[in-house]
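Step one of this worksheet: look at the structure below.
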Amino acid sequence: MINEDRRTRRVIINSDVKNEADDQFAVVHALLSPTLDVRGIIPAHFGSHRIADSLAASRAELDLLLEMLSLGRDVPIADGAPHALVDEQTPVDSPGARLIIDEARRAAAGSLFIAFLGPLTDMASALLLAPDIADTDTTVIWIGGPPYGDLVSVGSWPEFNLKNDIASANVVFASGIRLWQVPSNVYRLVNVGYAELEARVEPHGELGRYLAQQVVDFNTEYHRVAIESRSLGDSPAIGLMLEPFSGVMRRQSGVRFTADGHYEAADPEREILVVESVDVRFLLEDMFTKIAGHGRG
């Protein structure tokens, strides 16, 4: 057996876990990765269009995943905001926002990566409550936003994670904090088929069966036409935390979002990194292999 690298990277996962069927894979992947020191997971809201209390649904799904994982160690959980920001000046205080502030201010602990797999509500709230954290060694990785330029990503508009809190996206994009954005035209390419899930995930214990089946169940209930695949679109955030060089990024000058979810120019001195492609082979193989190992264990 390979001797493991005992060094770790400090991370927080913020996830609207029950929104679709891909967050579950990303959360599991992070918790099964020994180089990621998961300082906490923040269940997040995903609006009220599908369910009245989406934060409670995310928390319940996260608790279920942790029960099936049976990691033998405590994983800190800090609930995020129950709803979006009402404007760009007013934070929604929550245990999740306070966790972000506390970890970002731990300068002696080294770099911090925070993966946002849903809306940016809790990051924006943390920045509004404690603007100083924008100057810390913290990297925000956001799965969200539409394609740039003339690129087209088929689907609803505005992009889902953006739509659930446009005000928070504008706060984070303007804050100056280090930001890596994975827009929809990139994250939707992490596609897996039912046949692959049946072969690579479903055989591996209760967790594997659940992860594979809930993809089919979600598609059956919510997808408008017959389909036999789904994008694990939140997983690039985990791949980038495991290996930042697994993504190709470009520099993007400051932008903000209009009320209908389009880009408009903002501070030209502001720079973010936009992920243009990810190493899907590395990402999926690493995740599937860790799920299989957990099933054997």
*Name the residue, out of TYR148, TYR194, that is over 23 Å from LEU65 (Cβ atoms) and surrounded by fewer than 21 Cβ atoms within 10 Å (Cβ to Cβ).*
TYR148
_Count of residues meeting criterion [at pLDDT 95 or above and closer than 21 Å to ASN164 by Cβ] in region 41-64_ = 16
_Members of region 243-297 found to be surrounded by 18 or more Cβ atoms within 10 Å (Cβ to Cβ), outside any strand (DSSP E or B) and over 19 Å from the mean Cα position of the chain (by Cα), listed by number_ = HIS294
*Taking only region 71-111 into account, find how many residues are assigned to a loop (DSSP other than H, G, I, E, B), in contact with a helix residue (DSSP H, G or I) (Cβ under 9 Å, 6 or more places away or on another chain) and either of a type outside the set (Lys, Arg) or closer than 30 Å to HIS294 by Cα (or both).*
20
*Which condition number does LEU151 fail, the rest of (1) in a helix (DSSP H, G or I); (2) in contact with a helix residue (DSSP H, G or I) (Cβ under 6 Å, 6 or more places away or on another chain) being met?*
(1)
_With the requirement that a residue be touching a residue at least 24 places away in the same chain (Cβ under 8 Å), within 15 Å of ALA292 (Cβ to Cβ) and under 21 Å from the mean Cα position of the chain (by Cα), what does region 205-216 give you?_
LEU207, GLY208, TYR210, LEU211
*Any hit, region 51-72, residues being under 22 Å from THR138 (Cα atoms) and in contact with a strand residue (DSSP E or B) (Cβ under 9 Å, 6 or more places away or on another chain)*: no
*Counting only residues that are β-branched (Val, Ile, Thr) and within 30 Å of MET123 (Cα to Cα), give me the helices (runs of 4 or more DSSP H) lying completely in region 180-236 with at least 1 of them.*
184-187, 205-222
*Name, by its number, the condition in (1) touching a residue at least 24 places away in the same chain (Cβ under 8 Å); (2) touching a Leu at 6+ places or on another chain (Cβ under 9 Å) that does not hold for GLU202.*
(1)
*Meets criteria (surrounded by fewer than 22 Cβ atoms within 10 Å (Cβ to Cβ), in contact (Cβ under 8 Å) with a residue 40 or more places away in the chain, out of contact with any Cys (no Cβ under 9 Å at 6 or more places or on another chain) and not acidic (Asp, Glu)) for LEU117*: no
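Could you say which residue among ASN14, ASN3 is closer than 19 Å to ALA237 by Cβ, polar (S, T, N, Q) and either loosely packed, with under 15 Cβ neighbours inside 10 Å or within 17 Å of the chain's Cα centre (by Cα) (or both)?
So the residue among ASN14, ASN3 that is closer than 19 Å to ALA237 by Cβ, polar (S, T, N, Q) and either loosely packed, with under 15 Cβ neighbours inside 10 Å or within 17 Å of the chain's Cα centre (by Cα) (or both) is ASN14.
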*Only one residue in ALA134, ALA130, ALA124 is surrounded by 24 or more Cβ atoms within 10 Å (Cβ to Cβ) and either of a type in the set (D, E, K, R) or out of contact with any Lys or Arg (no Cβ under 7 Å at 6 or more places or on another chain) (or both), so which one is that?*
ALA124
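The values are calculated or read from the model by the stated rules, or taken from the named source; none is laboratory data. Model, not experiment: these values are computed from the prediction. No Cβ is skipped: glycine too gets one built from the backbone with ideal geometry, and neighbour counts run over all protein chains shown.
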